[in-house]
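The values are calculated or read from the model by the stated rules, or taken from the named source; none is laboratory data. These figures come from a predicted structure and were not determined experimentally. We place every Cβ from the backbone using ideal geometry, glycine too, and count neighbours over all the protein chains shown.
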């Protein structure tokens, strides 16, 4: 079994080295399997979420994970045309911009809150959570797991695995760095160290 493990590790390590002829060259590529556009998305949204957490008490990693999930990394129709990252419906009380997305279920489509920028969308996301009493359990939570389950429990989305998906995004991409006031540079450093640890582990198995 040990020989099989070493052989498998060797194959994976060789594949990694072939993918980027040297470790240094690989480090120059977007980390953790992210596309450059996804790295750009997090480096833009992350610091905003960190600042917002200090101001409004909404867990930064939760905000970033929701933005990723709800907007498909900022590529959805609503994110591109309505500058909206969180898919908040525009009800009769909303006085701001709106954007209608065709649902295929109604000729009228679904009306969502729209903004002039992603930054404005993030600001309104926190206002929306703070002004709705059902999200009271979300505000002030510093533990991202508790925050994710709280927002699912409050009914933000109907998907039964919503919290699980958010938590997985946070863990995979080290988004909790921003919960501690980390900068974009801190986040990139955390991802770089994670990739280095994986390579070191594979090398140790091959010895």
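Observations on the structure shown:
- Candidate set: the stretch 82-101, residues that are loosely packed, with under 12 Cβ neighbours inside 10 Å and in contact with a strand residue (DSSP E or B) (Cβ under 8 Å, 6 or more places away or on another chain); chosen: the one nearest to residue 38 (Cα to Cα): 89
- The set of residues from the stretch 170-180 being buried (at least 19 other Cβ atoms within 10 Å of the Cβ) and assigned to a helix (DSSP H, G or I) comprises 170, 175, 176, 177, 178, 179.
- Only residues that are surrounded by fewer than 19 Cβ atoms within 10 Å (Cβ to Cβ) and either in contact with a strand residue (DSSP E or B) (Cβ under 6 Å, 6 or more places away or on another chain) or not in a loop (DSSP other than H, G, I, E, B) (or both) were counted across the stretch 150-161, and they come to 1.
- Lone qualifier among 95, 55 - being touching a residue at least 24 places away in the same chain (Cβ under 8 Å) and outside any strand (DSSP E or B): 55
- Test for residue 104: is it modelled with pLDDT under 95, exposed (fewer than 15 other Cβ atoms within 10 Å of the Cβ) and assigned to a loop (DSSP other than H, G, I, E, B): yes
- Selection from the stretch 181-200 of residues that are modelled with pLDDT of 95 or more and exposed (fewer than 14 other Cβ atoms within 10 Å of the Cβ): 185
- The set of residues in the stretch 121-149 being farther than 28 Å from residue 95 by Cβ, in contact with a helix residue (DSSP H, G or I) (Cβ under 8 Å, 6 or more places away or on another chain) and in a helix (DSSP H, G or I) consists of 144, 145, 147, 148, 149.
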